[in-house]
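Report on the structure given below.
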Amino acid sequence: MKVSKIPGLGRFGIFIDDVDFDHLTDEEWLEIGKMHLDNFVTIIRNTNLDAFRYQDLILKLGYPRTNQAHNLQKKYNLSINEIFREVANDSSIISEEDKKFLMSSGKLMLIEKGVPTAICKVTGMRDEKGDPLGMFADGELLWHSNESGDLCFTPGVSLLGKSGVVGSATGFITTVDYYESQSESFRKELDEMILVHKFTPGKINPGLMEEQDSIMHRNMCPVDNSRIPLVIKSPGGHKGLHFSVNTIYKIEGMSDEESDKLLKHIQDGLFVDKYIYDHWYQSESDLCLFDNSITLHRRLGGITNRMCYRIQHDYNRIQPQPYIPYFQTEFSQIYTDRMKEMVDWIK
């Protein structure tokens, strides 16, 4: 196993090559996970993993999670698999709106023995009826982080190439170096900023079908005017910016003009080459592990027949303490209370 530095991404990011997955021990895999927490982006090249071996490995790092699934479980007091069974039986227990959402989102998941796995298909391809086979439409994906307008966003994302990825790229940008390079007085201002988030259709991926945009709305920012601190901590303990431009609406307490000016100032200083790495795939089976708290990602290049597998997940199996992103008392308490509910459902 060979570890090397990714160019760009400031002082963060690692490549890992020559991993023998046929003989990889749990201890070795968990050590890779711990290295990843300190590097934000880890790219393991040419893995030759299949979907279910990939899922098995990711679940050793932490629980799979999407917040929309938790919201539905709480609403109906059923597990997500029980909810899908009710939908399959056209049960009156589930609202028609939620049935439509679940039937659409269920088609985007990899299914095993009739039950959705933790794996989401990321592709712009469609079936013979024209229905989407994955989360997004054709075209590039703009800078974003998943569930960015949700206070309890899932902190980890992984992406495994399946087919058609060569000729495309997954791009990453880290925010720690930018934050630490600012003056002490401006860092204090940033620490105190609260961002207001809203969902705007098509802002991540122009060309989404209506049902895809509905899924995106529920996942990215289910409640408009949600309030989230700008500066938070990553699962590895680094402070940086939760700055997913796709859902940011304004800075709380400022006029629109003041907010737009300051957000542009931050964006102009952050979105520069020294903090960005675009990974142009050279093999079909690279595995990208990336932080979803203070790191953003995007998609570039030809993607007509591109298929990837994605899992959102926690890092609870490799962290000594529960992850709390917020050092602000108001938000850390809300987060802790909501996470207790989620953990009860996961168990």
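Computed from the coordinates by the stated procedures, all read-outs in this text should not be read as laboratory data. Just so it is clear, the model here is predicted, and its values are computed rather than measured. Ideal geometry is used to build each Cβ from the backbone, glycine not excepted, and the neighbour counts take in all protein chains shown.
So, counting K/R as plus one and D/E as minus one, what does the shell of residues with Cβ under 15 Å around Lys264 add up to?
So the environment of Lys264 carries a net charge of -3.
Ranked highest first by the average count of other Cβ atoms within 10 Å around their residues, in what order do 156-169, 283-296 fall?
Ranked by mean Cβ neighbours within 10 Å, highest first: 283-296, 156-169.
From the phi of every residue in the stretch 79-92, what ³J(HN,Hα) in whole Hz does the Karplus formula 6.51 cos²θ - 1.76 cosθ + 1.60 yield, where θ is phi - 60° and glycine or proline is x?
Each residue of the stretch 79-92 in turn: 5, 5, 5, 5, 5, 4, 5, 5, 5, 4, 8, 6, 5, 6 Hz.
Extending each Cα 7 Å along its Cβ direction at Asp337 and Asp256, get the distance between those two points in nm, one decimal.
3.3
Please name which of Ile80, Ser148, Gly253 has its Cα lying farthest along the dipole of the chain towards the positive end, using unit charges on Cβ (Lys, Arg +1; Asp, Glu -1) and the Cα centre as origin.
It is Ile80, whose Cα lies furthest towards the positive end.
Hey, can you grab everything whose amide H is under 5 Å from the amide H of Tyr249? Only 5+ residues off in sequence or another chain; H modelled, so Pro and N-termini drop out.
Hits under the 5 Å cutoff: Val196, His197, Lys198.
Report the FRET efficiency, 1/(1 + (r/R0)^6), for His265 and Asn71, where r is their Cβ-Cβ distance and R0 is 22 Å, rounded to 0.05.
Efficiency computed from Cβ-Cβ geometry: 0.05.
At a Cα cut-off below 20 Å, give the lysines reachable from Lys75, other chains included and same-chain residues fewer than 8 away excluded.
Within the straight-line limit of under 20 Å, Lys75 reaches these lysines: Lys99, Lys100, Lys340, Lys347.
Translational diffusion coefficient, Stokes-Einstein: compute it for the chain using the Kirkwood radius over C-alpha pairs as Rh, at 37 °C and 0.692 mPa s, and state it as an integer in µm² s⁻¹.
For these conditions, the coefficient is 159 µm²/s.
Kindly state, to the nearest 0.05, the FRET efficiency for Lys60 paired with Asp273, given R0 = 25 Å and r defined as their beta-carbon distance.
My answer for the efficiency is 0.10.
Quick one: length gained pulling Met103 to Glu140 fully straight, 0.36 nm per residue minus the C-alpha distance?
In short, 10.8 nm is gained.
What is the set of long-range amide H partners of His242 at a cut-off below 5 Å, with H atoms built 1.01 Å from backbone N?
Val231, Ile232
What is the list of residues in the stretch 217-244 whose amide nitrogen lies under 19 Å from a point 7 angstrom out from the Cα of Thr200, following Cα to Cβ?
217-228, 230, 242-244
Can you give the FRET efficiency to the nearest 0.05 for Glu189 and Trp280, using r as the Cβ-Cβ distance and R₀ = 56 Å?
0.95
Let a ≥ b ≥ c be the square roots of the eigenvalues of the Cα gyration tensor of the stretch 176-313; is it rounded (a/c under 1.5), or, if not, prolate (a/b larger than b/c) or oblate?
It comes out oblate by the Cα gyration axes.
Using a 10 Å cut-off on Cβ atoms, rank the peptides 95-103, 174-182 from the highest mean neighbour count down.
174-182, 95-103
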